[in-house]
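Following: one structure in C-alpha cells, then a few remarks.
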2 protein chains.
Amino acid sequence: MSILIKNSIIVTQDRERRIIEGDVYIEDDKIVEIGNINIEADYVIKNKIVLPGLINMHTHLPMTLLRGYGDDLPLEEWLTTRIWPIEAKLKAEHIAAGTKLAFIEMISTGTTCCNDMYFFEDVIANEAKKMGIRCYAGFSIIDFDTPEMKREKLIPECEKFLKRWDNDELIKPVVAPHSTYACSPETLEKTSELSKKYRAFIHIHCSETRHEVYDVLKKYGKRPLEQIKEYGLLNEKTMLAHCGWITKEEVREIAKAKACVIHNPVSNMKLATGGYTPLPELMEANATITLGTDGAASNNKLDMFETMKFTALIHKHHRWDASIVKAQEVLDMATIDAANFLKLNAGSIEVGKKADIICIDKNMPNLIPRHDIISHLVYSASGYNVSDTIINGKLIMHERKFLNIDVEKVYEMVEKMKEDLLNIS
Amino acid sequence: MSILIKNSIIVTQDRERRIIEGDVYIEDDKIVEIGNINIEADYVIKNKIVLPGLINMHTHLPMTLLRGYGDDLPLEEWLTTRIWPIEAKLKAEHIAAGTKLAFIEMISTGTTCCNDMYFFEDVIANEAKKMGIRCYAGFSIIDFDTPEMKREKLIPECEKFLKRWDNDELIKPVVAPHSTYACSPETLEKTSELSKKYRAFIHIHCSETRHEVYDVLKKYGKRPLEQIKEYGLLNEKTMLAHCGWITKEEVREIAKAKACVIHNPVSNMKLATGGYTPLPELMEANATITLGTDGAASNNKLDMFETMKFTALIHKHHRWDASIVKAQEVLDMATIDAANFLKLNAGSIEVGKKADIICIDKNMPNLIPRHDIISHLVYSASGYNVSDTIINGKLIMHERKFLNIDVEKVYEMVEKMKEDLLNIS
C-alpha cells in the first residue's frame, strides 16, 4: 500500500521537534519521503495536521465491556461488588468482543500502539493482528486462578506465549506480573527469569494507592518498588504503571535503572487514588515518562488526547505552577519517548521510520486560529478530531471510516456479550 | 420549522430524571410531543441519544482569538506579556470574528446557551442573534478604559445595552462588574442599581485566586464575597464565577442568597489557581452549582462535555472519594440546574419546554456497551460525538454540518484577524 499526505502541517517529533509544511509519502510499512512530493499513490489524503500515532502504555483492553458498570462507587466496593465478580465470568468470546471494541475506539481517537495487560492475552494478541494495530501484549501473572486457567499453569503458559509471539511484526509479547500485592516473591522471581530468558518487557502495577504501599510494606517489610527491585524486575525492560505514591529515592532508582513510568492521570483521578505521579521530579532525574488511559472501566474512555490534557493540567494545579509539564513535554511522552523506550522504530515522522501516523483536519473550530500547533494538540484537540489512522503503513481509518472492519457489527456483538455476562449466574 | 427525532434514547432531565426510549417532536420553538410519534416533519433525525443542550455559564467568547497564544507561562506573565497587550488592541471586527468561531465551536460540541462577559458585548449579542444561539450577554464594567470605550462611559452605555436587549427571544442582557479587585465600591454599587432597575442578572468573578482574596482583603478589609454582599450584589440574580477560595461561611452566604456558583475546573487547573470550588459543601448547603469553560485562552476549548468530566474527577481525587460529585449531579449542573437558575424554560426534555436539544449518535465506540447512559455522557462522551444541535426549535447543526453558516469562511476570517492583531503595533 502507498499513501500520500498532501498540503499538511507535519508535526515531526524529530530531534529538533520541527514542524514542517509539506507532504509525506508512505510505501509498505515505512515513511519514504517528506517534502514537496508529486507521485501517484493508492490513497491521497489532504490538508491535515499530521503527527505520529499516540502510544497508550497502560490498557486492560477487554474492560471496555465494563465501561460505565458501577461508577461513583468507593474503590473497594467497585472492585468487590462490580469488577471482580464479572471478571470471574469472562470467557474468550467476551474478551474478543471487548478487545475489538477497544481497538476501534483507540484507532478512532489516534492511538496506533498499546501496551496491554490482561487475561486471555493470546486472544487479545490475535485480535490486534486481525485489526492491524501494534500491541505489546502483557501476559498477566497473578497468585490466583484466572478466568482463563489455574494459577500453576500461568508461568508455563506465559513461556509458551513468549515463544509463540516471538518475531511478530505487530505483536510483542510482554511478561506482566500484576503487582507486588498480588504476586509473591517467588512469582516475581519467576517472571524476572522469563523476562531475562526471552528479553521480554515487564509490565507491572506499582504504588497506585497508598493502601497498596502500606499493605506491601507490612507484609514484606519493603515498599512495592523495593520489592520489584529485590526480585530482579527493575531494569531497562520494566514498565511501571501509576507510581502515584513513590518517594524521591524511588524516583532516583527508577531513573538509574532506566525503567519507565506509565502515568494514568484520568484513571487515578476517577478512582480517587489521591496520589500524584511526581512528574517534575521524574523529569529532573531524566526518567522516562509515558502515558496510559488504564482500562475503560476506570477512565471511561481510551482517548489519549484527553489523557495528554489531564497530564498537563493535574500537575500545574497541584504545584500551583502553570509553567510546569508543558505541552511539548506531554506530546513527547505520548509519542517519541514511549517509542524510544520500547525500541520501536516509530514515534516520529522521519524518513525510514515505521509509518504509524495520524491525521487531524486542519479546519476544526477548536484548532483555530493556529497560534501554536503543539498547544492545540495537547490542550484543544479531541480524539474525535482524528480523521485518518495509519499503522505500519496501512490505512486503517480514512476520513473517519474504517476500511476493513464492520464497526456496527462489533457494537452489536459487544452489546450481546454484555447481556450475556450480566446473565451468567 | 418542525423536527422529528425518531427511535432514540431520551435523557429527559425531568424531575424524575427519566430515560425514555422513543421519539421527540418539535414545532416552532417548543417540544410538542414525546412518545411514539408518526408525523411528517421538515427534518427527521434517527437513532440518537437525545439530551437537553448544555449551558456554558462562564465564557469570554472572543478569546478564541487567543487560543494557544502563550500557554505554559506563569499566570502573571501570561496576563501581562500576552493577554492584556493584545486585548488592548481589540476592535469590533476582531470581536465579531472570534465570537463567531466560539459559537461554531460551542454548537459543534453541544452547547445551546452561554453566559458571556466581555467588551463590545453589543457586537457579541448581535453575533449570537445571527447565529441563533441563546446568549446571556454580560456587559463588562471595570475601572479602566476598555478597548471599546472610556471608563466613565461604561455605566451609561451598560444601561443603554440593558434597554436595547430587553425582551429579546434569544439574548438576555446581563450586568457584569468584572470583580472586586477591578471594580471600586462605587462601581459595584452602580452595577447593583442597574441590575435592580432592569431586573438583570449579575455576572462577576469571585475568589478565583488566593492572590485576589488577599489583595481585596488588604485593600478593603473584606474578602471578595463580603465586598460583593456589602455593595448589594449578592442575591438570586448573582452568578459568581470560580469561587475556588471561598470559606464555609461564604458557602452558607451564597446558598442563603440563592446566588449561583459557576465552576470552571479546566481553566482553574490550567492556570494553576490551586483552589478547589467546594462542591461537596455547596451541595450540602443546597446552593446552585453551574459549570463553565471560561475563555478559550485559558481552557483551551469550549467543550462542556470535557468540563463535565473534569468537574467529577477533580473533586473525587482531591477528596480521595470516588463516590462524590456523581455523574447525574454533574449533568444536572450543566443542564437543568443552570436553566432553573436563569429562569429559562429549557434544560430538560418535556412537553412545553423550549427546544434546546442536542443529539449524539447511539453507536460511537466510546459509548458502547450501554450499561449507564448518564455515566457515558459525563465520563465517556466528547463534544465531537454530538451530531445535531437544535436551539429554540431551530436545527443549527445537522449530522455535523451547519445548515446556514459557511464555517470555512469563518475560520479564514479568524486566521486573518489573528494576523492582524499580532501585526498592530
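Every read-out reported here was derived from the displayed coordinates using simple, explicitly stated rules and does not represent laboratory data. Just so it is clear, the model here is predicted, and its values are computed rather than measured. In this analysis, Cβ positions are derived from the backbone assuming ideal geometry, glycine residues included, and neighbour counts consider all displayed protein chains.
Peptide B:320-328 has a mean of 5 when you count, residue by residue, the C-beta atoms of other protein chains within 10 Å of its C-beta. Each of A:ILE141, B:VAL410, A:ILE360 was scored by the projection of its Cα onto the charge dipole of the protein assembly as shown, and the greatest displacement toward the positive side belongs to A:ILE141; charges sit on the C-beta of Lys, Arg, Asp and Glu.
Calculated FRET efficiency, B:MET283 to B:LYS160, Cβ-Cβ distance, R0 = 51 Å: about 0.85 to the nearest 0.05.
Placing a label point 7 Å from Cα along the Cα-to-Cβ axis, A:ASN47 is separated from the same position in the other copies by 2.8 nm, shortest listed first. Remark: mean inter-chain Cβ contacts per residue of A:177-190 equal 0, using a 10 Å Cβ-Cβ cutoff to other protein chain atoms.
Evaluated with a Cβ-only charge set (Lys, Arg +1; Asp, Glu -1), the protein assembly as shown carries a dipole of roughly 620 debye about its Cα centre, given to the nearest 20.
Using alpha carbons only, how many degrees (0 to 90, rounded to 10) separate the axis of helix A:185-198 from the longest principal axis of chain A? The angle comes out near 40 degrees. Working from label points 7 Å from Cα in the Cα-to-Cβ sense, the B:LYS409 to B:ASP215 distance is 4.2 nm. Using the Karplus relation 6.51 cos²θ - 1.76 cosθ + 1.60 with θ = phi - 60°, the per-residue 3J(HN,Hα) values for segment A:11-18 come to 8, 6, 6, 6, 4, 8, 6, 6 Hz, with x marking Gly and Pro.
About its Cα centre, what dipole magnitude does segment B:54-341 give when the only charges are +1 on Lys and Arg Cβ and -1 on Asp and Glu Cβ, stated in debye to the nearest 20?
Numbers: 36 positive and 41 negative charges, 60 e Å.
So the magnitude is around 300 debye.
Compute the acute angle (0 to 90°) between the alpha-carbon long axis of helix A:121-131 and the principal axis of greatest extent of the alpha-carbon atoms of chain A; round to the nearest 10°. Between the helix axis and the principal axis of chain A, the angle is about 10 degrees. At a Cα cut-off below 13 Å, give the aspartates and glutamates reachable from A:LYS48, other chains included and same-chain residues fewer than 8 away excluded. Once the sequence-local aspartates and glutamates are set aside, what remains near A:LYS48 is A:GLU21, A:ASP23, A:ASP361, A:ASP388, A:GLU399. Take A:ILE142, move 7 Å from Cα toward the beta carbon, and the resulting point lies 5.5 nm from the same point in each other copy, nearest first.
Please give the average number of partner chain Cβ atoms lying within 10 Å of the Cβ of each residue in A:292-300, rounded to a whole number. Intermediate values should be presented prior to the final figure.
Details: counts 0, 0, 0, 0, 5, 1, 2, 5, 12.
Mean partner-chain Cβ count within 10 Å for A:292-300: 3.
State which entries of B:LYS160/B:LYS354; A:LYS129/A:LYS237; A:LYS190/A:LYS256; A:LYS196/A:LYS309; B:LYS129/B:LYS190 exceed 25 angstrom in Cα-Cα distance in the structure shown. The partial results should precede the final answer.
Details: B:LYS160/B:LYS354 28 Å; A:LYS129/A:LYS237 23 Å; A:LYS190/A:LYS256 23 Å; A:LYS196/A:LYS309 36 Å; B:LYS129/B:LYS190 28 Å.
From B:LYS160/B:LYS354; A:LYS129/A:LYS237; A:LYS190/A:LYS256; A:LYS196/A:LYS309; B:LYS129/B:LYS190, over 25 Å: B:LYS160/B:LYS354; A:LYS196/A:LYS309; B:LYS129/B:LYS190.
Taking amide H as placed 1.01 Å from N in the peptide plane, A:LYS258 has no amide H partner under 5 Å among residues 5 or more places away or on another chain. Across B:VAL351, B:VAL175, B:VAL261, mean-square fluctuation computed from a Gaussian network of chain B (C-alpha pairs under 10 Å connected) peaks at B:VAL351. Listed cross-link partners B:LYS163/B:LYS270; B:LYS46/B:LYS172; A:LYS100/B:LYS46 are compared with a 28 Å cut-off, the Cα-Cα value being larger for B:LYS163/B:LYS270; B:LYS46/B:LYS172. Each part reduced to its alpha carbon centroid, segment A:282-356 and segment A:38-110 end up 17 Å apart. Label zone of B:THR81 (point 7 Å out along Cα→Cβ, amide N under 18 Å): in segment A:317-335 this covers A:321-329. Give the shape of segment B:54-341 as rounded, prolate or oblate, defined through the alpha-carbon gyration tensor: a ≥ b ≥ c are the square roots of its eigenvalues, a/c under 1.5 means rounded, and otherwise the shape is prolate if a/b is larger than b/c and oblate if not. Verdict is rounded for segment B:54-341.
Between B:ASP168 and B:ALA92, what length comes free when the chain is fully extended (0.36 nm per residue of separation minus the Cα-Cα distance, one decimal in nm)?
Details: separation 76, 0.36 × 76 = 27.36 nm, distance 2.18 nm.
Length gained between B:ASP168 and B:ALA92: 25.2 nm.
Can you give the angle from 0 to 90° between the axis of helix B:154-164 and the longest principal axis of chain B, with both taken from C-alpha atoms, to the nearest 10? Compared with the principal axis, the helix lies near 30 degrees. The charge dipole of segment B:58-132, taken about the Cα centre with unit charges on the Cβ atoms of Lys, Arg (+1) and Asp, Glu (-1), comes to about 320 debye, rounded to the nearest 20.
Starting from the label point of B:ASP168 at 7 Å along Cα→Cβ, the same points in the other copies fall at 6.0 nm, in ascending order.
Hand me the trypsin sites (Lys or Arg not before Pro) from segment B:88-189 located in a DSSP loop with no more than 14 other Cβ atoms within 10 Å, in residue order please. Can you show the working numbers first?
On the way: sites: B:LYS89, B:LYS91, B:LYS100, B:LYS129, B:LYS130, B:ARG134, B:LYS150, B:ARG151, B:LYS153, B:LYS160, B:LYS163, B:ARG164; in loops: B:LYS89, B:LYS91, B:LYS150.
Answer in residue order: B:LYS89, B:LYS150.
Placing unit charges on the Cβ atoms of the charged side chains and taking the dipole of chain A about its Cα centre, the candidate lying farthest along the positive direction among A:ILE289, A:THR64, A:ALA125 is A:ILE289.
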